[in-house]
Amino acid sequence: MEPNLTDSASLIDPERRDIAPLGRTDLSSTWLALIRKYIRGEPDDGAFTGAHTPNVTPVTAAECAARLADADRVFAQWLAPLGRSAAQVAGIEPARIAVALNHMHHESRRLTMCDDALLDNVVTLAREVIERRVPGDFIEAGAWRGGVTILMRAALTAFGDLHRTVWVADSFAGLPAPDPASDLRDAIWHHVMRAVGLLQSDLDGVRSAFARAGLLDRRVRFLPGWFADTLPAAPIERLALMRLDGDWYDSTRDALEALYPRLSPGGFVIVDDYGLPTGCARAVDEYREQHGIDAPLEWANQQAVYWRKPL
Ligand SMILES: C[S@@+](CC[C@H](N)C(=O)[O-])C[C@H]1O[C@@H](n2cnc3c(N)ncnc32)[C@H](O)[C@@H]1O
């Protein structure tokens, strides 16, 4: 039985005279809490899987070790000059890689991998830019199954915004293959992440996930394809909130270059993967240095950072 996410009034029983009527703020936060449960796949009874097919076959440490050994062969010409193995470049032992990949499997019923701290961060920053009237749309580059963008769209309604658009950018074909010459560590991780299907999602599944929450409307726009192709030409004038979750050096750099110039002063950029052992942090640090950005980085959890574009 699916909850009725589109009808906030269904949360109120008119016969219950003993409870105070909910104010607009209470209704909004109750509805946002429901949306958060929805995108996190709770209850985990399979009701929220939509068009997505969960892949729950556990990955073993031995499988990760075998994939790293195979990476030694595939990336030999880049590893040889470094005198290092793929496992050494990846920087994490196979058992921990297996835990990380199985975490993604565990999350496979969800529409987002984000934890509570990251979802709080999105809601807090969305509210801040709406209340302070920072002009511009919201975007997530690296939307996967769309959970965070569903929450962004819900936040627009919850905090009374009537005009902004939420942009949903993803290949919907999984993680791209990084150029080993650009970032060898990303290329090795990509090789290993074949074990979880390279996080491939599908556009129709994401559309239905929005629709099931009653949030698929003209204020949600999709940008399917590689960031380097879609983002520079996207008809986005201004952004107030941009969230980057593309894992790799190239993906993060492409998204920053295309989108940061369109971020309004007072707007926020969130980078989900800054704390991961991929090239994401290098892309962020290089971009900030090249553009003289010294706004302090704040940590949203142990992995994601954000900063506010100075006014
Ligand atoms: C870790 S997942 C995103 C998780 C998601 N934000 C969530 O809430 O759980 C990374 C996503 O980025 C996408 N991606 C990475 N690099 C990309 C690129 N260069 N162009 C398009 N999509 C990309 C992948 O397809 C994948 O869906």
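The values are calculated or read from the model by the stated rules, or taken from the named source; none is laboratory data. Please read all numbers here as calculations on a predicted model, not as lab measurements. As a convention, Cβ positions derive from the backbone with ideal geometry for all residues, glycine included, and neighbour counts pool all protein chains shown. Accessible surface is based on the protein model in full, side chains and every heavy atom, while ligands, DNA and RNA are left aside. Shrake-Rupley method; radii C 1.70, N 1.55, O 1.52, S 1.80 Å.
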Worksheet item: Residue-wise, which Karplus ³J(HN,Hα) couplings in Hz belong to the range 139-146, taking 6.51 cos²θ - 1.76 cosθ + 1.60, θ = phi - 60°, and x for glycine or proline?
Response: 9, 10, 9, x, 7, 6, 8, x
Item to complete: Order the peptides 141-153, 75-87 from the highest to the lowest mean number of other Cβ atoms within 10 Å of their residues.
Response: 141-153, 75-87
Worksheet item: What does the accessible area per residue of the chain come to in Å², with a 1.4 Å probe and no ligands, DNA or RNA counted?
Response: 46
Discussion item. When a/c reaches 1.5 or more, the comparison of a/b and b/c decides; with that in mind, is the range 182-311 rounded, prolate or oblate per its Cα gyration tensor?
Written reply: oblate
Discussion item. As an exercise, identify the trypsin sites (Lys or Arg not before Pro) in the range 157-236 lying in DSSP coil whose Cβ has no more than 11 other Cβ atoms within 10 Å.
Written reply: ARG218
Worksheet item: Which Rg and Dmax, in Å, describe the Cα atoms of the chain?
Response: 20.3, 76
Worksheet item: Once phi is turned into θ = phi - 60°, what whole-Hz ³J(HN,Hα) does the Karplus curve with 6.51, -1.76 and 1.60 give for every residue of the range 116-129, x standing for Gly and Pro?
Response: 4, 4, 6, 5, 4, 4, 4, 5, 4, 6, 4, 4, 4, 6
Worksheet item: Over what distance in Å are the Cα centres of the range 100-148 and the range 234-311 separated?
Response: 14
Worksheet item: What's the longest piece of the chain with no exposed GluC sites (Glu not before Pro), counting a site as exposed if DSSP puts it in a loop and it has at most 13 other beta carbons within 10 Å?
Response: 16-236
Worksheet item: Using a probe of 1.4 angstrom, how much of the accessible area of the chain is carbon and sulfur, in percent?
Response: 52
Worksheet item: Per residue of the chain, what 222 nm ellipticity follows from adding -39500 (n - 2.57) for every DSSP H run with n ≥ 4, rounded to the nearest 500?
Response: -12000 deg cm²/dmol
Item to complete: For the range 95-149, state what percent of all Cα-Cα pairs lands in each successive 5 Å bin, counting from 0 Å until the bin that includes the largest distance.
Response: 5, 16, 20, 21, 16, 10, 6, 4, 2, 0
Discussion item. Can you give me the long-range amide H partners of LEU223? Hydrogens built in the peptide plane at 1.01 Å from N, cutoff under 5 Å, separation of 5 or more residues or another chain.
Written reply: VAL168, ALA169, ASP170
Worksheet entry | Under 5 Å, built H, 5+ apart or other chain: amide partners of GLY267 | LYS309
Worksheet item: Assuming R0 = 22 Å, what is the FRET efficiency of ASP229 and ASN301, from their Cβ-Cβ distance, to the nearest 0.05?
Response: 0.10
Fill in: Karplus-derived 3J(HN,Hα), 6.51/-1.76/1.60, for each residue of the range 270-284, Hz, glycine and proline x
10, 10, 5, 9, 4, x, 7, x, 10, x, 4, 4, 4, 4, 5
